[in-house]
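Enquirer: Have a look at the structure that comes next, please.
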Protein chains: 2
Amino acid sequence: MKIIKGGVTAAKGYLATGGHCGAKRKNKDLALLQSIKPAHMAAVFTTNQVKAAPVLWNKAVYDMEKDIKAIVVNSGNANACTGEQGMMDAKKMAVTTADVLNIQEEEVLVASTGVIGVPLPIDKISQGIHDLVGTMSSTLEAGNHAAHAILTTDTYTKELAVVMHIGGKEVTIGGMAKGSGMIHPNMATMLSFITTDVNITQKLFRQALAETVEDTYNMISVDGDTSTNDMVLALANGQADNPIIDCVGEDYTVFKEALHELNETLAKLIVADGEGVTKCIEVSVKGAKCKEDARLLSKSVITSNLVKTAFFGEDANWGRILCAMGYAGVTFDPNKVSLCYSSDKGTILLVDQGVPIRFSEEKASEIMSERNIGVEIVLQEGMEGAKAWGCDLSYEYVRINGEYRT
Amino acid sequence: MKIIKGGVTAAKGYLATGGHCGAKRKNKDLALLQSIKPAHMAAVFTTNQVKAAPVLWNKAVYDMEKDIKAIVVNSGNANACTGEQGMMDAKKMAVTTADVLNIQEEEVLVASTGVIGVPLPIDKISQGIHDLVGTMSSTLEAGNHAAHAILTTDTYTKELAVVMHIGGKEVTIGGMAKGSGMIHPNMATMLSFITTDVNITQKLFRQALAETVEDTYNMISVDGDTSTNDMVLALANGQADNPIIDCVGEDYTVFKEALHELNETLAKLIVADGEGVTKCIEVSVKGAKCKEDARLLSKSVITSNLVKTAFFGEDANWGRILCAMGYAGVTFDPNKVSLCYSSDKGTILLVDQGVPIRFSEEKASEIMSERNIGVEIVLQEGMEGAKAWGCDLSYEYVRINGEYRT
């Protein structure tokens, strides 16, 4: 498997575009994505009890198990907490896209991201769909336009593509994502769109996505808030022409590992572009009793406001890490925990099997001055491990979110 | 029941003092509290898996069900994550206090608050106990000195006393608390010390405390971090000479309601003095299926960073409230939720049974410009309700916690 240039148009048989329709004051705010052949759909949706209208539309389509031909996405407005009108608007987006592409409305998925509780400017979006359809293309540039159009307070596009060989055929997976704030995915994440030309059964495609989401998007947190609009939508149109993957074997593993790599990288890109971020933190927990314990512990650490502000202040206040582990809902012996921080400037041991080490504050400061910092936690409860990715909590996060609607 | 002046020395038979021993660079950092008669002890401790040494000491004493004669508290150092040495230091605090007061070490409770993971300056504290014991007094001023000595980044003391009549006798409850950061109590809270002269059985005293903690300290949050040192310690020495409360009847109810009032007020004082706070927010949920649902929903709202930053920015971005309710782990119908904000400047309806109201931004800004803001959420799931108290998330919170150890 290797990483190549491109995003959602990297795989064979996908067209995309992105432009401005007026849902945001300026910048691109509308993306269209089309598969030239019907594509199997895999998806993971937010577990938030309050689900945005497009999430509900897509869940209904997902349950029909039909193949998909297009996705339409707007930014600037989340179409969440918008009641009956919101449901009608989400459907209108699908119907309009189906009309201009001459397909069925049940073959169209819909996504929205932006402010909550404000009616969608559906007329502008419908007009935008008509205006944009002629610009759809399979170039990498077209994919990049789409990646631009799904952003909100993100500061850069998040695209990636990987290629591998399956049954002698070149198989490609491409993806684009957006993140920024309200990032604490639970069984799903922000908006992420994956396109692949792999030939695979719908069942295994859905299984591969679900399995990789658990250890990628679900292990990042920017601010502990699980959004109403979280979704990963993935399409597989079979254009790579590989022998169909219809059992869990070597081919499935090659594909799943490539998908995992793509999703982990997109998830990390979301964290790196978190609102107000100045530090990216990878928390690795080893020696846990079970995988779930390791996940809970690592995620509790990256979600703690006190841990996050300490990293912002470049302060090796490691007690807050143990405190956050302590309320993760996991049983462990604090007297057997070892803890170290590392970055490109080196590694420093802070706690050795429960005993605090008298460490050099100078060395610790040097390590923490880097943008990327690793926290390694070793328990003595078992053999399982997990990684989680988060960021610091800065003045800028507070500023962005105190002024979001203005 | 009425509120009177004073704190932990308001009830009959309690002495206190507070002074400086050097655990902090300056300011008072050591408090002593004594009951002239053995007092029943009630307590609630942190549920954090990582428990500070003094919490472990007190739990052991609690389980012995012996009566208590003294409490010693230091600020400036939490004696948490300090291993074996920490346990020995906590014991040393109890032993030294027992020595100077000529009582048993098992009659002494210990509390510490401050930085985590640094060995306690036990020699300074021991010397301080010797120095301070001669200054103990039953005056309200002495109680205030103790209230000063338990503070960390708090900006003012938190004291309260209430008086009621039980069986023709005047019964008093006094208390002092400290809060500030790492405030998200779970089955316990920050440090809070309650003294009462009520005559009550140990069993009912413990029951009354446990019941009131659930709806007071456990319903506040400053930053979502549950501390390693959270404790409410309560003493009842019987000096009011009321007929003993030994069953759940009218006397018990009078006492419990007074205790509830005291604890709710202390809890709100902790929030009002939260790190960097500019707004105090009361979230009231009504019409929930059960009490636990109402608690989870209200607490999820006040814990959300996005809700908190919106209040800091005085932005009526109410969608974030529904979003935070959505991930609280409670089943409810978002289409039946009503929501309004209120303050001394008036009330504004934002959502009416799931339908967003086109509201005046001007009016909303005016209401949100106040320091105290109420959020009322009405469901249509049942008849239960709960209140939670929290604060906004400001630049100042980030500054304080980025620089805590320096």
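The values are calculated or read from the model by the stated rules, or taken from the named source; none is laboratory data. Note that the coordinates shown come from a computational prediction; the quantities given were computed from them, not determined experimentally. Every residue, glycine as well, gets a Cβ built from its backbone with ideal geometry; the counts of neighbours run over all protein chains shown. Heavy atoms of the whole protein, side chains included, go into the accessibility calculation; ligands, DNA and RNA do not. Shrake-Rupley method; radii C 1.70, N 1.55, O 1.52, S 1.80 Å.
Enquirer: Please label the shape of the range B:3-157 as rounded, prolate or oblate, based on the square roots a ≥ b ≥ c of the eigenvalues of the alpha-carbon gyration tensor (a/c under 1.5 means rounded; beyond that, a/b larger than b/c means prolate, else oblate).
Expert: Values: a/c = 1.42, a/b = 1.16, b/c = 1.23.
Here the range B:3-157 falls in the rounded category.
Enquirer: Using the crude model of +1 on Lys and Arg Cβ and -1 on Asp and Glu Cβ, and no other charge, please compute the dipole size for the protein assembly as shown relative to its Cα centre, in debye to 20.
Expert: It works out to roughly 560 debye.
Enquirer: Something else now. I'd like the per residue volume of the convex hull spanned by the Cα atoms of the range B:280-402, given in cubic angstrom.
Expert: Working: hull volume 11.3 nm³, N = 123.
For the range B:280-402, the hull spanned by Cα atoms encloses 91 Å³ per residue.
Enquirer: Let me ask something else. Report for the range A:280-402 the percent antiparallel among DSSP-assigned beta bridges with both residues inside it, nearest 5.
Expert: Roughly 75 percent of the beta bridges in the range A:280-402 run antiparallel, per DSSP.
Enquirer: Relative contact order of chain B, please, whole-number percent, based on alpha carbon pairs below 8 angstrom and at least 6 residues apart.
Expert: 18 percent.
Enquirer: Rounded to whole Å, how close does chain B get to the rotation axis onto A by Cβ? Give me the residue too, please?
Expert: B:TYR395, 2
Enquirer: Taking the Cα centre of chain A as the origin and placing charges on Cβ (Lys, Arg +1; Asp, Glu -1), which of A:ILE245, A:ALA98, A:PHE312 is farthest toward the positive end of the dipole?
Expert: In chain A, that residue is A:ALA98.
Enquirer: For B:LEU56, which inter-copy label distances result when the label point lies 7 Å beyond Cα on the Cα-to-Cβ vector, reported in nm to one decimal and in ascending order?
Expert: With the label placed 7 Å along Cα→Cβ, B:LEU56 yields 5.2 nm.
Enquirer: Then there is this: Select from B:GLY390, B:GLY13, B:GLY313 the residue whose mean-square fluctuation is largest in a Gaussian network model of chain B (Cα-Cα springs shorter than 10 Å).
Expert: B:GLY313
Enquirer: Could you state the number of Å between the C-alpha centres of the range A:342-380 and the range A:104-168?
Expert: 41 Å
Enquirer: When all protein chains stay in place, what accessible area (Å², nearest 10, 1.4 Å probe) is found for A:MET41?
Expert: Number for this one is 0 Å².
Enquirer: Can you give the direction-averaged projected area of the convex hull of the alpha-carbon atoms in the range A:2-272, in nm²?
Expert: Mean shadow area of the hull around the Cα atoms is 12.1 nm².
Enquirer: Please report the antiparallel percentage of the DSSP beta bridges confined to the protein assembly as shown, to the nearest 5.
Expert: 70 percent
Enquirer: Sticking with this one: Over both sides of the A-B contact, add up the buried accessible area with a 1.4 Å probe and give it to the nearest 100 Å².
Expert: Summed over both sides, the interface buries about 4300 Å².
Enquirer: While we're looking at this one, here's another question. In peptide A:325-333, what is the residue-averaged number of other protein chain Cβ atoms found within 10 Å of each Cβ?
Expert: So the per-residue partner count for this stretch is 4.
Enquirer: Give the nm distances, rounded to one decimal, from A:GLU250 to the matching residue in every other copy, measuring between label points 7 Å along Cα toward the beta carbon; shortest first.
Expert: 8.6
Enquirer: Here's another thing I want to ask about it. Relative to the other copies, what are the label-point distances for B:SER137, with labels 7 Å from Cα along the C-beta vector, expressed in nm at one decimal and sorted shortest first?
Expert: With the label placed 7 Å along Cα→Cβ, B:SER137 yields 8.5 nm.
Enquirer: Next question, about the same structure. Does the range A:1-57 classify as rounded, prolate or oblate by the C-alpha gyration tensor (a ≥ b ≥ c root eigenvalues; a/c under 1.5 gives rounded; else a/b over b/c gives prolate, otherwise oblate)?
Expert: Oblate shape, in that a/c is at least 1.5 and b/c is the bigger or equal ratio.
Enquirer: Summing Lys, Arg as +1 and Asp, Glu as -1, what charge do residues with Cβ under 9 Å from the Cβ of B:ALA98 carry, B:ALA98 excluded?
Expert: Net local charge, B:ALA98 excluded: -3.
Enquirer: Of the DSSP beta bridges with both residues in chain A, give the percent that are antiparallel, rounding to the nearest 5.
Expert: Values: 57 of 81 bridges.
Within chain A, antiparallel bridges account for around 70 percent of the total.
Enquirer: Next up: Whole number in Å², please: accessible area per residue of the range A:2-272, 1.4 Å probe, ligands, DNA and RNA not counted.
Expert: Heavy-atom SASA per residue in the range A:2-272 reads 34 Å².
Enquirer: Probe radius 1.4 Å, ligands and nucleic acids ignored: give me the carbon and sulfur share of the accessible area of chain B as a rounded percent.
Expert: Carbon and sulfur: 49 percent of the exposed surface of chain B.
Enquirer: So what is the 222 nm mean residue ellipticity for chain B from helices alone, if each DSSP H run of at least 4 adds -39500 (n - 2.57) and you divide by all residues, rounding to the nearest 500 deg cm²/dmol?
Expert: -10500 deg cm²/dmol
Enquirer: If you place +1 on the Cβ of every Lys and Arg, -1 on the Cβ of every Asp and Glu, and leave all else neutral, what size is the dipole of chain B about its Cα centre, to the nearest 20 Debye?
Expert: On the way: 38 positive and 50 negative charges, 95 e Å.
So the dipole magnitude of chain B works out to roughly 460 debye.
Enquirer: Work out the mean other chain Cβ neighbour count within 10 Å for the residues of B:311-319 and drop it here as an integer.
Expert: Average per residue, whole number: 6.
Enquirer: Ok, one more. Each label point is 7 Å from the Cα along the Cα-to-Cβ direction; what then is the distance between the points at A:GLU403 and B:THR253, in nm?
Expert: Here the answer is 5.5 nm between the modelled labels.
Enquirer: Tell me, what is the FRET efficiency for A:ILE103 and A:ASP246 to the nearest 0.05, using R0 = 22 angstrom and their Cβ-Cβ distance as r?
Expert: The value I calculate is 0.25.
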